[in-house]
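*Asks:* Once you've had a glance at the structure underneath, I'll fire off some questions.
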Amino acid sequence: QVQLVESGGGLVQAGGSLRLSCAASGRTFRSYTMAWFRQAPGKEREFVALISPSAGNTNYADSVKGRFTISRDNAKNTVYLQMNSLKPEDTAIYYCAGSRYSSTFLQSLYEYWGQGTQVTVSS
């Protein structure tokens, strides 16, 4: 069993930065693909970024490529999302998720989810 707890969300002006963290419990964290998803008001939850267990592979949604960076520290059981050059359209609840499957985008294959952290970007 893996429990995920996100932190680091908040209110920021357009152009600003935030760093989200996701702390995981459980020894198997380092064997999981970890990802960030987000859900904006009135929209479906969407993929943002993922990182492989060894951090050797990352992938990003086109909308955040070049602005967001996902990373992980397996010694600390933590995954991060550095968000730069934030835009109002980045406003959403951001969720951390873990999957036993290799580098998958499919939400249905993510077994473990955090409770989410709100990110609000003002114009």
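*Asks:* Collect the residues in region 1-18 that are touching a Gly at 6+ places or on another chain (Cβ under 8 Å), open to solvent by 40 Å² or more (accessible area, probe 1.4 Å) and within 14 Å of Lys76 (Cβ to Cβ), keeping them in residue-number order.
*Replies:* Of everything in region 1-18, just one residue is touching a Gly at 6+ places or on another chain (Cβ under 8 Å), open to solvent by 40 Å² or more (accessible area, probe 1.4 Å) and within 14 Å of Lys76 (Cβ to Cβ), namely Val5.
*Asks:* Would you point out the residue of region 33-54, among those that are over 16 Å from Tyr80 (Cα atoms) and more than 11 Å from the chain's Cα centre (by Cα), that is most open to solvent (accessible area, probe 1.4 Å)?
*Replies:* In this case the residue turns out to be Glu44.
*Asks:* Condition (residue is modelled with pLDDT under 95 and either open to solvent by 50 Å² or more (accessible area, probe 1.4 Å) or in contact with a Pro (Cβ under 6 Å, 6 or more places away or on another chain) (or both)) applied to region 79-101: is it met by at least one residue?
*Replies:* yes
*Asks:* Take the residues of region 55-75 that are closer than 28 Å to Gln1 by Cβ and in contact (Cβ under 8 Å) with a residue 24 or more places away in the chain: which is least open to solvent (accessible area, probe 1.4 Å)?
*Replies:* Ranking the qualifying residues of region 55-75, first place goes to Ile70.
*Asks:* Looking only at residues that are surrounded by fewer than 20 Cβ atoms within 10 Å (Cβ to Cβ) and part of a strand (DSSP E or B) in region 19-32, which one is nearest to the chain's Cα centre (by Cα)?
*Replies:* The selected residue is Ser21.
*Asks:* Check Glu46 against each of (1) of a type outside the set (A, V, I, L, M, F, W, C); (2) touching a helix residue (DSSP H, G or I) at 6+ places or on another chain (Cβ under 7 Å); (3) under 20 Å from Phe105 (Cα atoms) and name the one condition it does not meet.
*Replies:* Every condition holds for Glu46 apart from (2).
*Asks:* Something else about it: Take the conditions in contact with a strand residue (DSSP E or B) (Cβ under 9 Å, 6 or more places away or on another chain), surrounded by fewer than 16 Cβ atoms within 10 Å (Cβ to Cβ) and within 13 Å of Val2 (Cβ to Cβ) and apply them to Glu111. Does it pass?
*Replies:* yes
*Asks:* Related question: How many residues does region 1-18 contain that are at pLDDT 95 or above and either outside any loop (DSSP other than H, G, I, E, B) or farther than 21 Å from Lys87 by Cβ (or both)?
*Replies:* Adding up the residues that qualify gives 9.
*Asks:* Please list, ordered by first then second residue, the pairs with beta carbon atoms under 6 Å, 6 or more apart or interchain, first in region 97-123 and without any contact (Cβ under 8 Å) to a residue 12 or more places away in the chain, second open to solvent by 30 Å² or more (accessible area, probe 1.4 Å).
*Replies:* Matching pairs, first to second residue: Leu109/Tyr101.
The values are calculated or read from the model by the stated rules, or taken from the named source; none is laboratory data. Note that the coordinates shown come from a computational prediction; the quantities given were computed from them, not determined experimentally. Every residue, glycine among them, receives a Cβ derived from its backbone with ideal geometry; neighbour counts consider all protein chains shown. Note: accessible area is taken over every heavy atom of the protein model, side chains too, but ligands, DNA and RNA are not part of it. Shrake-Rupley method; radii C 1.70, N 1.55, O 1.52, S 1.80 Å.
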